[in-house]
Amino acid sequence: MTSSTFETTTPDHVSYLDRLAGTDAGRSYKRRMFEELDVRAGQKVLDVGCGPGTDLGSLAETVTPAGAVIGVDSDEKMVDAARERTAGLPAVEVCLGDVHDLPLADGTVDRARTDRVLQHVADPARALTQIRRVLRPGGRLAMGEPDWDTLAIDHPDSGLSSAYTRHVTDQVIRNARIGRQLARLAADAGFSVPVVIPVTPVFRDVQAADRVLGLERTTRRAVAAGYLTAEDARRWLDHLARGPFLAAVTFYIIVAEPA
């Protein structure tokens, strides 16, 4: 099943997040999220699930020293990395915290963002209620999440593609369809939702896609879980490695404001 085309070693989480942020697709959707968040000088901005601090510097530059940026993450390794990366930015504070119980007082932030975080949390609805609690009247939340049920990878045997996507949505990602659900969940949490933007990156290079999707590693898991046979997996990966290759998945940017 192994091919030199695909990565076989799982990258550590910090490296993976840095890698994704550095792709053309990553830079493009992040730029659009920043535009929709509409951060201004002097504001207080919350980055929920800030990871290794990928976006904290850009936020700090936008709010200027007159503002403040707070990064919250539940992973100590991420918090340590974010603190190290933002050590020279006095406007930035990074703290360990749970999105289900944010360590901030009510109505204390002007802007909040969450980027590919809610797909992994235990209770997205509760997380949104917490973000709604800490936002001031007139505040704004920008969220970005994929809808993994839209993952489409071309293969002559479409049944293999369907089985692979089914495995991702059933077994790999906790809240795999969160992209399409975000507008409804935000409304239920007390937000109005003025903007919904679908973004669909298309991958034509198999190795570029593999660096995001972990194609062989995920295929191995699909075999172990019974979604593909070993022969299915061989045919699937052999064709992907030979090409031509095409894959796409829809990513949703949602803007929400306290109602």
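The values are calculated or read from the model by the stated rules, or taken from the named source; none is laboratory data. Computed from a predicted model, the values in this text were never measured in an experiment. Cβ placement follows ideal geometry from the backbone for every residue including glycine, while neighbour counts extend to all protein chains displayed.
Criterion applied to 154, 210 was being acidic (Asp, Glu), under 21 Å from residue 240 (Cβ atoms) and surrounded by fewer than 18 Cβ atoms within 10 Å (Cβ to Cβ), and the one residue passing it is 154. Yes or no: residue 184 of a type outside the set (A, V, I, L, M), surrounded by fewer than 16 Cβ atoms within 10 Å (Cβ to Cβ) and in a helix (DSSP H, G or I)? It is true that residue 184 is of a type outside the set (A, V, I, L, M), surrounded by fewer than 16 Cβ atoms within 10 Å (Cβ to Cβ) and in a helix (DSSP H, G or I). Can you find a residue that is of a type outside the set (Ser, Thr, Tyr), more than 19 Å from residue 135 (Cβ to Cβ), more than 13 Å from the chain's Cα centre (by Cα) and in a helix (DSSP H, G or I) anywhere in segment 93-110? The answer is no; no qualifying residue exists.
Could you list, in sequence order, all residues of segment 164-181 that are outside any loop (DSSP other than H, G, I, E, B), aliphatic (A, V, I, L, M) and surrounded by fewer than 19 Cβ atoms within 10 Å (Cβ to Cβ)? 172 - this is the single residue of segment 164-181 that is outside any loop (DSSP other than H, G, I, E, B), aliphatic (A, V, I, L, M) and surrounded by fewer than 19 Cβ atoms within 10 Å (Cβ to Cβ). Yes or no: residue 216 more than 30 Å from residue 42 (Cβ to Cβ), more than 18 Å from the chain's Cα centre (by Cα) and either among the hydroxyl-bearing types (Ser, Thr, Tyr) or crowded, with 16+ Cβ neighbours inside 10 Å (or both)? Yes. Any chance segment 49-57 includes a residue that's surrounded by 13 or more Cβ atoms within 10 Å (Cβ to Cβ), farther than 29 Å from residue 247 by Cα and in contact with a strand residue (DSSP E or B) (Cβ under 6 Å, 6 or more places away or on another chain)? Yes, segment 49-57 contains a residue that is surrounded by 13 or more Cβ atoms within 10 Å (Cβ to Cβ), farther than 29 Å from residue 247 by Cα and in contact with a strand residue (DSSP E or B) (Cβ under 6 Å, 6 or more places away or on another chain).
Against the criterion of being of a type in the set (A, V, I, L, M) and at pLDDT 95 or above, residue 160 qualifies.
When residue 132 is evaluated against the numbered criteria (1) farther than 21 Å from residue 78 by Cα; (2) part of a strand (DSSP E or B), which criterion, by number, is the only one it fails? Status for residue 132: all satisfied but (2).
When the residues of segment 77-136 are narrowed to those that are hydroxyl-bearing (Ser, Thr, Tyr) and surrounded by 19 or more Cβ atoms within 10 Å (Cβ to Cβ), which ends up nearest to residue 251 (Cα to Cα)? Looking at residues that are hydroxyl-bearing (Ser, Thr, Tyr) and surrounded by 19 or more Cβ atoms within 10 Å (Cβ to Cβ), I get 114. What about residue 189, is it at pLDDT 95 or above, more than 26 Å from residue 19 (Cβ to Cβ) and either surrounded by 20 or more Cβ atoms within 10 Å (Cβ to Cβ) or touching a Phe, Trp or Tyr at 6+ places or on another chain (Cβ under 8 Å) (or both)? In short, yes.
Residue pairs whose Cβ atoms lie under 6 Å apart, sitting 6 or more positions apart in sequence or on different chains, and linking a residue in segment 111-130 that is touching a residue at least 12 places away in the same chain (Cβ under 8 Å) and more than 18 Å from residue 69 (Cβ to Cβ) to a partner that is surrounded by fewer than 24 Cβ atoms within 10 Å (Cβ to Cβ) and charged (D, E, K, R), are 120/174.
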